[in-house]
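What follows is one structure encoded as structure tokens, with my remarks underneath.
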Amino acid sequence: MITIDFTVHKEAREHNIRKARENRILIPTISEMQHPETAPEKVRESLKNVGLWDVNPLNLFRITWKNEPKESGGQFREVPNYIEFPSALTGVPCRIVAMVGKWFPTGCHKVGASFGCLAPALVTGQFDVDSQKAVWPSTGNYCRGGAFNSALLGAQGVAILPAEMSRERFDWLGEIGAEVIATPGCESNVKEIFDKTNELKADPNCMIFNQFEQMGNVLWHYNVSGNALADVFEAVKRPGDRFAGACFTSGSAGTMSTGDRLKELYPKLKLAVGEALQCPTILNNGFGGHRIEGIGDKHIPWIHNVKNTDMVIDVDDEDSQRLLRLFNTEEGQKYLKEGLGLQDEEILQMTYLGISGIANLICCIKMARYYELTENDVVATVLTDSAVMYRSRIEELNEEYGAYSQKDAEIDHCLHMLALKTDNMQELSYLDRKRIHNLKYYTWVEQQGKTMEELNALWYDQKGTWDAVHQQAKELDDMIRAFNEESGVLKML
Ligand SMILES: Cc1ncc(COP(=O)(O)O)c(C=O)c1O
């Protein structure tokens, strides 16, 4: 099955509706996530008393890029949360903008991907909240989003993630009451996660929400992130500006679907995928461990629409680690202020970049250099999570390299940002894309039970696969509305 299966399982659906009624859970539609101002007034009013990270079902309505940037009581804004990077920092004239994931519940946009995977199963009854656990295999944030959504929906969540991920992630999962399974290795040990997942698949009490293969992840990003990033461009563009490019590092490749939407709206836009140079699977069929947390590799995710990807950009993880320290230490921030003339607000915004956000910014700079983009070009990306998730990493770097100074900050800025070049990247020809797509065979057909016909469909049948999934948001929304109607929760709020 390549599109999302909406087959209804009547009995389990009844259980889910009963649970929603008991716990007063109203499910938002994809359309409401795009346009949160259309959420029911009662919901918007009640959110005035709810914290951004509270385990309160109303926070399902905050799975949107348009939250007011507030820890508590926030409403919604017209333009998604974004920042623009000053040229003094990036060293390129091209305008680089990024949507901010920090203001999602859990502090990361992955809560949207997990909603996209869970919602169809919940409203059809393919997942039974009474008898099943929701299992979230991930390299970190997706399982946090999944655990959060499970808690909001009254289901037991199980998070699977590599043992070497940052301490903050494990602490938080414990707090939210998720069962945690740590698999061997780091960031790029996705195969170990799949092995554990396959073991759990045999248990009928577990339902696996595999972000690397489930089209709900695609549906959510295409519809919610894609349209939101277009809103940002429309808000920032000046006369004569072009939307020249978008760059996203890939973990599950869900975020890459943002680019599929943008390429429809702005057909000349170039879409790049980023990965770690220390694990150059897309660029070079390569492998290895790396430190850009959140982008797992050594395989091509099933849901990566490779045929629509114009460029691959590899990021040296030493660059992102060095810049993490530059943006998040007192001396680094002094340099940004005194050396580069950044405003206090801009300096604060640099803490909205987690490690993969920094890698995304690096990709944008490399793309700008490659295409020699000008001040009339806009390149966009997302900041999946923020530096809050990496405090322990910053401490580790401080221990490893010693105290940071303004001199170190200047060197890091010059060496790891201003000196970025067009190395370790490639504009993808038809054959290059086919080579990358073909790599999916080894993970998905050989190991994970997909068929060759399905694999070929992802390449040859755009209408029956990618386009069809993108359009399924409407059907999903109809099912969500019917579910809410039957639970009667809106009347109870
Ligand atoms: C911090 C971080 N950055 C980037 C990504 C990659 O996003 P995607 O899975 O949509 O490719 C993830 C995925 O979990 C992440 O947690």
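When the pairs K102/K201; K434/K463; K110/K191 are compared against a 24 Å limit on Cα-Cα distance, K102/K201 fall above it.
With N the number of residues in the stretch 342-493, Rg(Cα) / (2.2 N^0.38 Å) evaluates to 1.55. Go through K19/K196; K450/K491; K196/K268 and tell me which ones have a Cα-Cα distance over 32 Å in this structure. Over 32 Å apart, Cα to Cα: K450/K491; K196/K268. To the nearest ten degrees, helix 190-201 and the longest principal axis of the Cα atoms of the chain are 10 degrees apart.
Unpaired Cys in the chain, meaning no second Cys C-beta under 4.7 Å: C94, C108, C117, C143, C186, C206, C279, C364, C414.
Hey, what did the stretch 116-217 get for relative contact order, percent, Cα under 8 Å, at least 6 apart? All intermediate terms of the calculation are to be shown ahead of the outcome.
Values: 170 pairs, mean separation 34.0, N = 102.
Once normalised by length, the contact order is 33 percent.
Extension gain, T7 to L418, is 142.7 nm, computed as 0.36 nm per intervening residue step minus the present C-alpha separation. Once both axes come from the Cα atoms, what is the angle between helix 10-23 and the longest principal axis of the chain, in degrees from 0 to 90, rounded to 10? With both axes taken from Cα atoms, the answer is about 70 degrees. Helix 468-487 and the longest principal axis of the C-alpha atoms of the chain enclose an angle of approximately 50°.
Rounded to the nearest 0.05, what FRET efficiency is calculated for S87 and E264 with R0 set to 41 Å and r the Cβ-Cβ distance? It would help to have the intermediate numbers written out before the result.
Details: r = 29 Å, r/R0 = 0.71.
Calculated value: 0.90.
How far apart, in nanometres, would the label points at E485 and Q447 be if each is projected 7 angstrom from Cα along the Cα-to-Cβ direction? Output for this residue pair reads 4.4 nm. In this simple spin-label model, placing a label point 7 Å from the Cα along the Cα-to-Cβ direction at both D195 and R24 gives a separation of 4.7 nm.
Pick out, in residue order, every one of the GluC sites (Glu not before Pro) in the stretch 244-353 that is DSSP loop and has at most 10 other C-beta atoms within 10 Å; say none if there are none.
Values: sites: E264, E275, E293, E318, E330, E331, E338, E345, E346; in loops: E293.
Taking the stretch 244-353 and a limit of 10 other Cβ atoms within 10 Å, no loop GluC sites (Glu not before Pro) are found.
Computed extension length for L493-R44: 160.5 nm, one decimal, from 0.36 nm per residue of separation with the Cα-Cα distance subtracted.
For the stretch 80-463, dividing the convex hull volume of the Cα atoms by the residue count gives 130 Å³ per residue. Straight-line cross-link partners of K366 among the aspartates and glutamates, defined as a Cα under 16 Å from its Cα and at least 8 positions apart when in the same chain: E275, D310, D314, D316, D317, E318, D319, E375, D377, D423, E427.
Helices in the chain, meaning DSSP H runs of at least 4 residues, each add -39500 (n - 2.57). Divided by all residues, the mean residue ellipticity at 222 nm is -12500 deg cm²/dmol. Loop-located GluC sites (Glu not before Pro) across the stretch 70-159 with a Cβ neighbour count of 16 or fewer within 10 Å are E71, E78, with loop assigned by DSSP. Cross-link partners for K337 among the lysines, with Cα-Cα distance under 21 Å and sequence neighbours closer than 8 places in the same chain left out: K407.
Only bridges with both residues in the chain count here: give the DSSP antiparallel percent, nearest 5.
Values: 10 of 43 bridges.
Restricted to the chain, the bridges split so that about 25 percent are antiparallel.
Bear in mind that the values in this text are calculations on the coordinates, not laboratory data. No experiment lies behind these values; they were computed from the predicted model shown. With ideal geometry, Cβ positions are generated from the backbone for all residues, glycine too; neighbour counts draw on all protein chains shown.
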